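Report on one structure; see the data block that follows.
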Amino acid sequence: MSGRLSGKVAIVTGSSSGIGQSIAVRFAEEGAIIVVDYRNHPEGANDTKKQIESKGAKAITVQADVSKLADNQRLVDQAWEQLGGCDILVNNAGIEKGADFWDVTEEDYDAVLNVNLKGAFFLTQFFVCRLRDAKRPGRIINISSVHEDMAFPHFSTYCVSKGGMRMFARNLAVELGPLGITINNIAPGAIMTPINKTLLDDKPKLNALLENIPLGRMGKPEDVAGLAAFLASDEAAYVTGSTYIIDGGLTVNYHEQ
Ligand code: BGC
């Protein structure tokens, strides 16, 4: 397919649902071949693959739990073995667990940090090593959150992981620039995805949140996918080490009644 990402191969982690699925489909529409990664929802991954194929594009699915180093290595290896390389990595897989700070368990801490931060860290390492050895340029896009910067009470593990992701992108922009590899974060606000199911089902909480969003609605996964496609394209060739906030104005909203 022709398009801004024509001929590129992209790994999108957690692309069996939500923002990841939307990015995978959008990248395919722009001409990329997609590696659909999933942890435990093969049906979601197959749905993403089908959506991509219905647009005349190509995708493969790979089961890989990003919190496991061996899985990350296999994910990158599969892209190279089956598709001859990989140009774009989207670190999208993420989870959140709510708890008062004093109740956070080691188990929950490890679960969130291992997926959101350790996973992105080592998958990126494997991705970069391949590019470095092949002397190829590349693109890394992290799906972070407005909470890489903004407090989110009762979600301290999530905030710690996203704050880490913020500095991950800053630091790597400097180290990877000489290799021709860019890295940027997208910081979504409240997007209608499975991660927000509890919130979407709680009308009073949802309405309170909507009052804080100047654009008056939650974001759609497609809103985020459009930004990701720009960052993956040649049009963003000179952009690295940045965070792009996409939140309907949530983080800048302050007004006195
Ligand atoms: C979180 C959501 C939250 C939103 C806005 C996202 O990163 O995943 O749970 O509603 O930020 O606060």
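Out of the total accessible area of the chain (probe 1.4 Å, heavy atoms of protein only), what percent is carbon and sulfur?
That fraction is 53 percent.
Give me the orientation-averaged projected area of the Cα convex hull of segment 9-249, in nm², one decimal. List each step's numbers first, then the result.
Working: hull surface 50.8 nm².
Over every viewing direction, the Cα hull of segment 9-249 projects on average to 12.7 nm².
For the residue pair residue 199 and residue 234, what label-to-label distance in nm results when each label sits 7 Å from Cα along the Cα-to-beta-carbon direction?
Output for this residue pair reads 3.8 nm.
Tell me, what is the per residue accessible area of segment 9-249 in Å², probe radius 1.4 Å? Can you show the working numbers first?
Numbers: 10850 Å² over 241 residues.
Per-residue value: 45 Å².
Among the aspartates and glutamates, which have Cα under 15 Å from the Cα of residue 50 when same-chain residues fewer than 8 positions away are ignored?
Filter leaves 29, 37.
Can you tell me the FRET efficiency between residue 256 and residue 53 if r is taken as the Cβ-Cβ distance and R0 is 45 Å, rounded to the nearest 0.05?
0.30
Over segment 9-249, what is the relative contact order in whole percent, taking alpha-carbon pairs under 8 Å and six or more residues apart?
Value for segment 9-249: 20 percent.
What does the convex hull of the alpha-carbon atoms of segment 107-214 project to on average, in nm²?
Spelled out: convex hull of the Cα atoms, projected over all directions, averaged, 8.0 nm².
Would you work out if segment 15-86 is rounded, prolate or oblate? Take a ≥ b ≥ c from the square roots of the eigenvalues of the alpha-carbon gyration tensor; rounded if a/c is under 1.5, else prolate when a/b is larger than b/c, oblate otherwise.
oblate
Could you pull the accessible area for residue 113 with a 1.4 Å probe, rounded to 10 Å²?
20 Å²
For the chain, what does the helix formula give at 222 nm: sum of -39500 (n - 2.57) over DSSP H segments with n ≥ 4, over the residue count, nearest 500 deg cm²/dmol?
-13000 deg cm²/dmol
Of 55/220; 55/197; 135/220; 68/97; 118/220; 55/205, which sit over 31 Å apart, Cα to Cα? Let's see the in-between values first.
Numbers: 55/220 20 Å; 55/197 29 Å; 135/220 36 Å; 68/97 19 Å; 118/220 27 Å; 55/205 38 Å.
Among 55/220; 55/197; 135/220; 68/97; 118/220; 55/205, the Cα-Cα distance tops 31 Å for 135/220; 55/205.
About the Cα centre of segment 9-249, what is the dipole size in debye to 20, counting +1 per Lys and Arg Cβ and -1 per Asp and Glu Cβ, all else neutral?
It comes to approximately 520 debye.
What is the pair-distance distribution P(r) of segment 1-136, computed from all Cα-Cα distances in 5 Å bins starting at 0, with each bin given as a whole percent?
For segment 1-136, the pair-distance distribution reads 2, 11, 20, 22, 19, 12, 7, 4, 2, 1, 0.
Of 31, 60, 127, which is farthest on the positive side of the dipole of the chain, counting Cα position, with +1 on Lys and Arg Cβ, -1 on Asp and Glu Cβ, and the Cα centre as origin?
Sorting the options by dipole projection puts first 31.
Nearest 20 debye, what's the magnitude of the dipole of segment 1-69 about its Cα centre given +1 on Lys and Arg Cβ and -1 on Asp and Glu Cβ?
In total the dipole reaches around 160 debye.
Please list 84-91, 17-24, 177-184, 223-230 highest first by mean number of surrounding beta-carbon atoms within 10 Å per residue.
17-24, 84-91, 223-230, 177-184
The values are calculated or read from the model by the stated rules, or taken from the named source; none is laboratory data. Predicted model, so just to flag it, every value in this text is computed and none were measured. Cβ atoms come from the backbone with ideal geometry, glycine included; neighbour counts cover every protein chain shown. Side chains included, ligands, DNA and RNA excluded: accessible areas come from the protein's heavy atoms. Shrake-Rupley method; radii C 1.70, N 1.55, O 1.52, S 1.80 Å.
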